[in-house]
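Each remark here refers to the structure printed beneath this line.
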Amino acid sequence: MLLTTLTVILALSGAPVFACGPDSNCLLGDRHYRIAMPAGHDGVTPVPAIVFAHGYRGSAQGVMRNGSLRRMVSDLGAALIAVKSEGDDWVIPNAPRHMDSDGAEEFAYFDAVLADATRRFNIDETRIMATGFSAGAMMVWNLACARSDRFAVFVPISGTFWLEPPQSCVGPVADILHIHGDNDSTVPLKGRRIQQTKQGEVRQSLDMYAAYGNFGMPVTTSRNGLICQERRNQEGDILDFCLFEGGHSFRAEHLRFAWQHFKDAGRF
């Protein structure tokens, strides 16, 4: 009886009956995500967030087990939101077993995650980065093209569109920083065949987006061990492509670099 009464009180008060966080799922119908607030958060002050999309056969739980990522995001004073595909992979255009998908299912899921996280937690919805590794980066490129108004910046790492980029995108021009290993054999810069489709070529995606956003010619720079080609348009939007020496690997310091890069540009 006491449990039933408490459940009713919590429901009427609008408080969540079951808490969720880094070690338990925040449920959204048959989908979920996990969230870790920065260490020492007072529960009141709005904080920025990094939404991280896992790679093939990954999980929100697995993302939260990455201690270096957790510590780095917390040090930035940001929340880490780990999203989860419904199956092994993200249902996006031209992906294996999802060739006919338009991505609508995943876009709706990300809309729901943002709405739920900003409602239940103290997340500043104007300071949210979308990032992901490998197949998660492919999801991020699709978000940059279809949901550019929902995130402040996009940081795809070692992945791009399946097969080829779309002809164009919708919404305002996004700020994008693509990071990739110069010797990646799992998701090569020029892509590779996977079943009936192909991993896309990074250069084609960058060229498409450069045309979409009317970006100027790239300027080559060296930053934090990365060789970068940086593009800007007349509005000051950012389209950067940075290479690191190595293969198919995720390094938390690269994400820290991306955060600081966009912070210096006034995006956070």
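The values are calculated or read from the model by the stated rules, or taken from the named source; none is laboratory data. All values derive from a computational prediction rather than experimental measurement. Here Cβ is always computed from backbone atoms with ideal geometry, including for glycine, and neighbour counts include all displayed protein chains. What goes into the accessible areas is simple: the full protein's heavy atoms, side chains included, and nothing from ligands, DNA or RNA. Shrake-Rupley method; radii C 1.70, N 1.55, O 1.52, S 1.80 Å.
Here are the numbers:
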{"item": "Strands (runs of 3 or more DSSP E) wholly inside segment 169-244 that include at least 3 residues being without any contact (Cβ under 8 Å) to a residue 40 or more places away in the chain", "result": "219-223, 226-232"}
{"item": "Exclusive hit being over 18 Å from the mean Cα position of the chain (by Cα), open to solvent by 60 Å² or more (accessible area, probe 1.4 Å) and at positive phi, set Q195, Q234, Q167", "result": "Q195"}
{"item": "Selection count where residues are among the acidic types (D, E) and either touching a residue at least 12 places away in the same chain (Cβ under 8 Å) or touching a Phe, Trp or Tyr at 6+ places or on another chain (Cβ under 8 Å) (or both), scope segment 245-268", "result": "2"}
{"item": "Single match in G225, G216 (criterion: open to solvent by 20 Å² or more (accessible area, probe 1.4 Å), more than 17 Å from the chain's Cα centre (by Cα), at pLDDT below 95 and more than 19 Å from M99 (Cα to Cα))", "result": "G225"}
{"item": "Residue check, I157 within 12 Å of the chain's Cα centre (by Cα), at pLDDT 95 or above, closer than 19 Å to D240 by Cβ and surrounded by fewer than 24 Cβ atoms within 10 Å (Cβ to Cβ)", "result": "no"}
{"item": "Cβ pairs under 7 Å, 6+ apart, first in segment 52-73 and assigned to a loop (DSSP other than H, G, I, E, B), second of a type in the set (S, T, N, Q)", "result": "G55/S134; Y56/S134"}
{"item": "V113 being of a type in the set (V, I, T), closer than 18 Å to Y56 by Cβ and at pLDDT 95 or above", "result": "no"}
{"item": "Residue in segment 32-45 that is among the charged types (D, E, K, R), under 26 Å from W162 (Cα atoms), open to solvent by less than 60 Å² (accessible area, probe 1.4 Å) and not in a loop (DSSP other than H, G, I, E, B) present", "result": "no"}
{"item": "Close pairs from segment 14-26: first part of a loop (DSSP other than H, G, I, E, B), partner open to solvent by 40 Å² or more (accessible area, probe 1.4 Å) and modelled with pLDDT under 50, Cβ under 7 Å, at least 6 apart", "result": "V17/T7; V17/L10; V17/A11"}
{"item": "Flag if S148 is more than 21 Å from A60 (Cα to Cα), open to solvent by less than 40 Å² (accessible area, probe 1.4 Å), under 12 Å from the mean Cα position of the chain (by Cα) and not aromatic (F, W, Y)", "result": "yes"}
{"item": "Candidates D207, D240, filtered to the one that is in contact with a His (Cβ under 8 Å, 6 or more places away or on another chain) and among the charged types (D, E, K, R)", "result": "D240"}
{"item": "Residue tally, condition hydrophobic (A, V, I, L, M, F, W, C) and more than 17 Å from E253 (Cα to Cα), over segment 54-80", "result": "1"}
{"item": "Lone unmet requirement of (1) over 29 Å from E245 (Cβ atoms); (2) touching a strand residue (DSSP E or B) at 6+ places or on another chain (Cβ under 8 Å) for P166", "result": "(2)"}
{"item": "Pair list, Cβ under 7 Å, 6 or more apart: segment 95-117 residue among the aromatic types (F, W, Y), other residue open to solvent by 20 Å² or more (accessible area, probe 1.4 Å) and part of a loop (DSSP other than H, G, I, E, B)", "result": "F107/R147; F110/R147"}
{"item": "Residues within segment 80-118 that are among the aliphatic types (A, V, I, L, M), out of contact with any His (no Cβ under 9 Å at 6 or more places or on another chain), open to solvent by less than 20 Å² (accessible area, probe 1.4 Å) and assigned to a loop (DSSP other than H, G, I, E, B), tallied", "result": "0"}
{"item": "Answer from F268, F250 - the residue that is outside any helix (DSSP H, G or I), open to solvent by 30 Å² or more (accessible area, probe 1.4 Å) and at pLDDT below 95", "result": "F268"}
